Amino acid sequence: MFLKTFHLKSFLVPAIMLALMWIFFLLQNLGFFGGCFGAIIPLVPDGLSGVIFAPLLHGSLDHIISNSMPIAILLFLLFEFYSKIAFKIFLIGWIAGGLLVWMLPPVDIFTGEWTYTCIVGASGVVYMLAFFIFFSGVFRWNMKLLTVSLVVALYYGSLIWGIFPEEFFSQLEERSRISWQSHLAGAITGIILAFIFRKQGEKKIKYLWEYPNYYSEKDDRLWQEYIQNHPEDFDDLPQYKQENIWEYLDEIRRNEK
């Protein structure tokens, strides 16, 4: 009975995504994806294949574990509350975010050096989903979807710092291996998709009384007929007589005599 209140896709898609991530991680450890094969390599033609495969590949066990829970939760929220457009958002966000990462020049912002970078991991998709869900609720101004936005902001609000290089916040002995470019690309993609699709999917319910000039002759006629046929419903109700404490005082005095 509990499961009937949710969409089947809300559980099925996250489960498939997690299964694919862990299957590809197993294949990586078996040597099927060596080096930068399947990774996004910015501005290098061979790195375009990473637009498809990079979100399924991860550099370490900690890397895939840190991405598994967020992507499962965010995919559940996407397919549960934006079921009509969820597949569009997921697929377009996946491809567009990956292409944007590929187009960002791999330049070290501190030294200006051009670096050969191999980017893997689902964190770009995580950022795309988180920013889409948050800003979609804001753009639509739907109370239910705004609540979902606040939940995402509460649990994943710290993601905002990931769109900046890690070197901004800590002194590192060596260059950070976290791709802030993929985080930034995912965030930008999510916001753009939230704006483009703000009028698609579930729409805000607007009740009759929210229209200032609403008038229905039929409703008015039915109301007048009801008043004529049930006048007793509009009679003034008899007023309950309020108790007078002084009457009780006189009664007490009479009893004492």
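The values are calculated or read from the model by the stated rules, or taken from the named source; none is laboratory data. These numbers come from a predicted model, not from an experiment. Methodologically, a virtual Cβ is constructed for each residue, glycine included, from the backbone with ideal geometry; neighbour enumeration extends over all protein chains shown. Accessible surface is based on the protein model in full, side chains and every heavy atom, while ligands, DNA and RNA are left aside. Shrake-Rupley method; radii C 1.70, N 1.55, O 1.52, S 1.80 Å.
Name the residue, out of Leu77, Leu56, Leu61, Leu48, that is within 23 Å of Val148 (Cβ to Cβ) and either among the hydrophobic types (A, V, I, L, M, F, W, C) or under 18 Å from the mean Cα position of the chain (by Cα) (or both).
When all the criteria are applied, what remains is Leu77.
Among the residues in segment 81-96, are any buried (at least 17 other Cβ atoms within 10 Å of the Cβ) and of a type in the set (Ser, Thr, Tyr)? Yes, there is a match, as at least one residue in segment 81-96 is buried (at least 17 other Cβ atoms within 10 Å of the Cβ) and of a type in the set (Ser, Thr, Tyr). Scanning segment 144-165 for residues that are at pLDDT 90 or above, buried (at least 20 other Cβ atoms within 10 Å of the Cβ), of a type in the set (Ser, Thr, Tyr) and not in a loop (DSSP other than H, G, I, E, B) turns up nothing. Does segment 103-114 contain at least one residue that is open to solvent by 40 Å² or more (accessible area, probe 1.4 Å), modelled with pLDDT of 90 or more and not aromatic (Phe, Trp, Tyr)? Yes, segment 103-114 contains a residue that is open to solvent by 40 Å² or more (accessible area, probe 1.4 Å), modelled with pLDDT of 90 or more and not aromatic (Phe, Trp, Tyr).
Look at segment 184-212: where a residue is open to solvent by 90 Å² or more (accessible area, probe 1.4 Å) and a partner is at pLDDT below 95 and assigned to a loop (DSSP other than H, G, I, E, B), sitting 6+ places away or on another chain with Cβ atoms under 7 Å, you get Lys204/Trp141; Lys204/Asn142; Leu208/Tyr214.
Would you pick out the residues in segment 50-65 that are free of Cβ contacts under 8 Å to residues at least 12 places away in the same chain and open to solvent by less than 60 Å² (accessible area, probe 1.4 Å)? Matches in segment 50-65: Ser60 only.
When each of Phe37, Phe6 is tested for being at pLDDT below 90, closer than 29 Å to Phe135 by Cβ and open to solvent by 40 Å² or more (accessible area, probe 1.4 Å), the lone residue that passes is Phe6. When Leu43 is tested against (1) within 18 Å of Leu184 (Cα to Cα); (2) at pLDDT 90 or above; (3) hydrophobic (A, V, I, L, M, F, W, C), exactly one condition is not met: (2).
Would you confirm, using the coordinates I've provided, whether Phe79 is among the aromatic types (Phe, Trp, Tyr) and over 20 Å from His183 (Cβ atoms)? Yes; evaluated as a whole, the condition is true for this residue. Residue pairs whose Cβ atoms lie under 9 Å apart, separated by 6 or more positions or on different chains, with the first residue in segment 88-99 and within 14 Å of Ile71 (Cβ to Cβ) and the second open to solvent by 40 Å² or more (accessible area, probe 1.4 Å), are Trp94/Ile52; Gly97/Ile188. Quick check, is Ser68 part of a loop (DSSP other than H, G, I, E, B), within 26 Å of Thr147 (Cβ to Cβ) and either among the β-branched types (Val, Ile, Thr) or open to solvent by less than 60 Å² (accessible area, probe 1.4 Å) (or both)? The answer is no for Ser68. With respect to the conditions (1) under 22 Å from Pro70 (Cα atoms); (2) more than 20 Å from the chain's Cα centre (by Cα); (3) modelled with pLDDT under 80, Pro212 falls short on a single one, namely (1).
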